[in-house]
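The values are calculated or read from the model by the stated rules, or taken from the named source; none is laboratory data. Small disclaimer: the values here were computed from a predicted structure and weren't measured. Cβ placement follows ideal geometry from the backbone for every residue including glycine, while neighbour counts extend to all protein chains displayed. Remember, those area values only see protein heavy atoms, side chains included, never the ligands or the DNA or RNA. Shrake-Rupley method; radii C 1.70, N 1.55, O 1.52, S 1.80 Å.
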Amino acid sequence: MSASQRSQNLKLVILIAVLILGIPRQAQAYIGPGAGFAVVGSFLVMFTAILSGVLALFTWPVRYIIGAIRGRRAFARSRVKKFVILGLDGMDPSLTEKFMAEGKLPNLAGLREKGCFKRLATTVPSMSPVAWSSFQTGCNPGKHNIFDFLTRDKQSYQPRLSSVDIRGPRRTISLGKYRLPLGKADIRLLRKGKPFWKTLGEHGIFSSVIRVPITFPPEKFRGVQLSGMCVPDLRGTQGMFSFYTTRAEEKVEHTGGENYYVTREGNTIRAELIGSENPLRKDNNVLRCPFVVTIKGDSSADLKINGVSCGLKKDEYTEWIKVDFKAAPGIKVHGICKFLLLSTSPEFELYVTPINIDPEKPAMPISYPAIYSTYLAKRQGPFATLGLAEDSWALNEKVLVDGGFIQQCINMDREREQMFFDALDKVRHGLCVCVFDGTDRLQHTFWRDIDEGHPAHRGQASDEQRNIIEELYQRMDVLVGKMLAKCKGKDTIVMIISDHGFSTFRYGVDLNRWLEENGYLKVKGGPREQKYLAAVDWSQTRAFAIGLSGIFLNLKGRESQGIVEPGAEAVQLRKEIAEKLAGLRDPERGQGVIKQVYNALEIYRGPYKGESPDLLVGYNKGYRASWETAVGQVTEKVLHDNTKAWSGDHCIDHSLVPGVLFCNRPIVTEHPRLMDIGPTVLDMFGVEVPKYIDGKALAVADTDSSRSRKE
Amino acid sequence: MSFLAQLIIWINILTNNLGRLLLAPVAVLPGWLSNTIISAVTGVALLVIFKYTSNQRAIGRVRDNIKAHMLALKLFKDSMSVTLQAQGQVFKGALLLLLHAVRPMAVMIVPVALLLSQMGLWYQSRPLMVGEDSVVAMKLNGSIEQPWPNVNIESMPAAEVTMGPVRVLSKREVYWKIKARENGYHHIMFQVAEEQVEKELVIGKGFMRVSAKQPGWQWTDILLYPWEKPFGPDSVVESISIDYPDRLSWASGTDWWLVYFFVASLIFALIFKPLLKVRI
């Protein structure tokens, strides 16, 4: 706005004010609804603010006393005011060291000089849900019950999510074609144990916990929490993208997404977003939200959805767009998604992200308190809520190109940064934890660029010569720099941790095929590559694999069609399979595939160790459970080239992929473990570490001394 | 100001005709019903005007910000620094909302003022009933030092002059007491010096359009009393008013009609706000 425009606007405002003041006797002349509701709305806001302010001030002494009493219990023995943990999922210590040595990570290098940098031992298996569960509970998996992303249903052998169980409300009322629920859906967190921030809360210490995996549904505690990994999308899946195209090919089946064939009428394309099944309808019809795209040229189009219009530009994501699905008259389910126009001609191609739960009006609880997600949405606008928000499936399925996926990861990191920094501002005393997932997703999908021996390596002819992973680490270093600038107080401890490191994933190992070849698994007649173990003959199968971490025995009394007797037979079978599998070699490359096979009963302690896979497979670098094993398929060979974009992984032997630990204070402990972080936080806040916790408090130096208190 | 007065006179000609047409049902409907209908239509119409004359995106951002800070008050209630900061931000947001309302207010102030003036003709006073007394007041132009003109009221069948004229020299005002005799819209004729002037007199029951004052050459008065042509700046008479009785009703009575209109129109605007997707 130019100075003359500003001056004109100012004159206009003054003129209006003079006009209003000029007729004070005729007040009724300007108190109309048009002006009135604006004025009244504004005054209502002020009135509410004053009221809440007065309430806050009047109740402050009481709250202060209560807080002081609570606080004294903890802070009296506390050695810190604030503890900040930045989780960078999957940050690898070797790569970090390399980039620090090259001078590319100045902030992390500075932290190493001032405080410490160590390798952080991860869990068995080295997978995010397992590791972050051990982080938050301070316990081994035998006490928190998370052993993989997936577990099997003991009755049906079908895979199911290991961390959460979502069921509809128990009772409903029938009303014509509708089925009205009495009560809420039953959403249960299957992770057991108690997060250390809950223990902190019991001692009056406030925590802000943002996007730590396996925190859905959120639990009650003293603080605020936004759930992370395992929050479903609006369809109840872990992320289902939509791809609309006019390309009339054979029916394409995508993993993690759906293809929709659309027709073009002139410049107009009509389609529908597909939501969840309608929980209010007896026929369970899926919810739909129609939209219209009008193509305007080679690289742009207009989108109309829910009565709102917005422009689409080729290769540019839209902002988050709110989509409403009508479930019943007056009842809507709210979601958000982004659109990405991929092509307008010769064929129309449109990608739509999984429909995330709208954080402003969440259809399921995704934060504690429930208003926390609303607060964040109001403060910074809509943001991704899906657990695995970065849509690596779309990249794997070649719907998204590299640039589109990278941009998605960067956008989500920006959203996360905003909420993390807000938490740093708001929490003056207490704990702040925030986990960034982009580090994990980008390494998973772009490891092929830094591993020349990878089957999916694009070679020097690649048009993208960017070192995506190096850029990622540098971006995280900038984030660390900004965070450190906000955490300058001497009484603040800052830790940067990762749940595991990374390695290449060149070859997939079909464990079920190996079990079949070795006589432990029998495939029925008919198509053998059916998903979800549908091809398995359970009457003759003694062991099977599903998920990424291990092998289950078909144990009598545990599995519905079990044939292996518990006791000596099971013990012998575990030993036999472990020994044989440890000797598995890759004949083509002449190297061992497996580093070690672990017996769950020997490595875990706790009440839930019986829920674990019986054997956990620690692969050597370059190998991992195959894509087929993960979903319970049985192929015709044991080793498969991995040609997908998903080219890096950490689901290998835990000793090969430790995480990182940076701290702004020296840490003397030689071999810190992820499960030691929680006890360390408790210890620094002067809270006694509960005896059931397996982790031990690390020896962290006091503020003005490099000597450790526990030295 | 002369131009402004003349402009309002021209506008009044238009709004009087529109008012005569659109507000005619007021004469036959119960007061609460007519005021409710007018409030509903006005509330929704002005809501639409507000939508298109305000910066809806900016208002949305401010509203979201206010809501975020209100929620912060609850989420971080144990932190006094967060509480105070959030309070400050809420006040700032409220002021910003007021600023964002200036433009739509500026646009709406004229039509709303004209509408209220027309509604005032119907609701602010009730007509005289047959047999009822009232006072007619005439204010003369000029200063008290100027010579006093000859002022006479002509007799008429519709009303009887029972007292007066009573002159208040210090105010240059003349008063008459009259008694209503015949229902209907009538005109009282006055002879003031060489000038003949007239003032409408309304006698009857129920709702009739009542012009309590024939204004002088003052734009605010012309705006508020739109029905009768104002006296010119050179006229001997400044204004003539009749002291009509108050109407007693919560929904359509004197002064209360305005409160009712204000509240009802707000309620209708708020009801239609989500349907019309307006952020206020």
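Close amide H partners of residue A:494, meaning residues 5 or more places away or on another chain with modelled amide H under 5 Å apart, are A:84, A:664, A:665.
Taking amide H as placed 1.01 Å from N in the peptide plane, residue A:433 has its amide H under 5 Å from the amide H of A:85, A:208, A:209, A:210, each at least 5 places away in sequence or on another chain. Only protein heavy atoms count here, probed at 1.4 Å, and on that basis chains A and B bury about 4400 Å² of accessible area in total. Given a Förster distance of 22 angstrom, what is the FRET efficiency for residue A:315 paired with residue A:248, based on the Cβ-Cβ distance and rounded to 0.05? Between residue A:315 and residue A:248 the formula returns 0.40. The residues of the stretch A:492-646 expose, per residue, 38 Å² of accessible area to a 1.4 Å probe. If R0 is taken as 51 Å, the Cβ-Cβ distance between residue A:643 and residue A:331 corresponds to a FRET efficiency of 0.65. For residue B:27 and residue B:74, the difference between the fully extended length at 0.36 nm per residue and the C-alpha to C-alpha distance is 11.7 nm.
Against chain A, whose longest principal axis comes from its Cα atoms, helix A:33-75 is set at around 50 degrees.
The listed residues B:73, B:95, B:115, A:88 rank as B:95, B:115, B:73, A:88 when sorted by accessible area, largest first, using a 1.4 Å probe. Placing dummy labels 7 Å off each Cα toward the beta-carbon, the span from residue A:452 to residue A:599 is 4.4 nm. The distance between label points at residue B:259 and residue A:531 comes to 6.7 nm (points 7 Å beyond Cα on the Cα→Cβ vector). Close amide H pairs (under 5 Å, H built 1.01 Å from N) link residue B:159 with B:181, residues at least 5 positions away or on another chain. Geometric descriptor of chain A, per residue, is 232 Å³ (volume of the convex hull of the Cα atoms). For the pair residue A:522 and residue A:589, a Förster radius of 35 Å applied to the C-beta separation gives a FRET efficiency near 0.75, rounded to the nearest 0.05. Counting charges near residue B:189 (Lys, Arg +1; Asp, Glu -1) among other residues having Cβ under 12 Å from its Cβ returns a value of -3. The distance between label points at residue A:77 and residue A:428 comes to 2.6 nm (points 7 Å beyond Cα on the Cα→Cβ vector). Loop-located GluC sites (Glu not before Pro) across the stretch A:214-277 with a Cβ neighbour count of 14 or fewer within 10 Å are A:249, A:250, A:253, with loop assigned by DSSP. Across the stretch A:146-151, rounded Karplus estimates of 3J(HN,Hα) from the backbone phi angles (6.51 cos²θ - 1.76 cosθ + 1.60, θ = phi - 60°) give 10, 10, 5, 5, 10, 9 Hz, Gly and Pro being marked x. For the stretch B:133-242, the residue among B:217, B:156, B:203 whose Cα projects farthest onto the positive side of the dipole built from Cβ charges is B:203. Fully extending the segment from residue A:283 to residue A:184, taken as 0.36 nm per residue of separation minus the present Cα-Cα distance, adds 33.7 nm. Taking the C-alpha atoms only, the angle from helix A:128-137 to the longest principal axis of chain A is near 70 degrees. Think of it as helices only: each DSSP H run of n ≥ 4 in chain B is worth -39500 (n - 2.57), and spread over all residues that comes to -17000 deg cm²/dmol at 222 nm. Relative to the dominant Cα principal axis of chain A, helix A:371-380 is inclined by about 70°.
Roughly how many whole Å is it from the C-alpha centroid of the stretch B:144-161 to that of the stretch B:89-131? Here the answer is 37 Å between Cα centres. Other residues within the sphere of radius under 11 Å centred on the Cβ of residue A:457, judged by their own Cβ, net out at 0 (K and R +1, D and E -1). Between B:31, B:88, B:120, the residue with the greatest mean-square fluctuation in the GNM of chain B (Cα pairs under 10 Å linked by springs) is B:88. Quick check on the protein assembly as shown: of the DSSP beta bridges with both residues there, what percent are antiparallel, nearest 5%? Antiparallel: roughly 75 percent of the beta bridges in the protein assembly as shown.
When you count the other C-beta atoms within 10 angstrom of each residue and take the mean per peptide, A:147-156, B:158-167, B:247-256, A:645-654 line up highest first as A:645-654, A:147-156, B:247-256, B:158-167.
For a straight C-alpha distance cut-off of 23 angstrom, the lysines reachable from residue B:179 (same-chain residues fewer than eight places away being disregarded) are B:139, B:199, B:205, B:213. By the helix-only formula, in which each DSSP H run with n ≥ 4 contributes -39500 (n - 2.57) and the sum is divided by residues, chain A has a 222 nm mean residue ellipticity of -9500 deg cm²/dmol. Whole Å is fine, so just give me how far the alpha carbon centre of the stretch B:171-198 lies from that of the stretch A:337-388. Result: 73 Å between the Cα centres.
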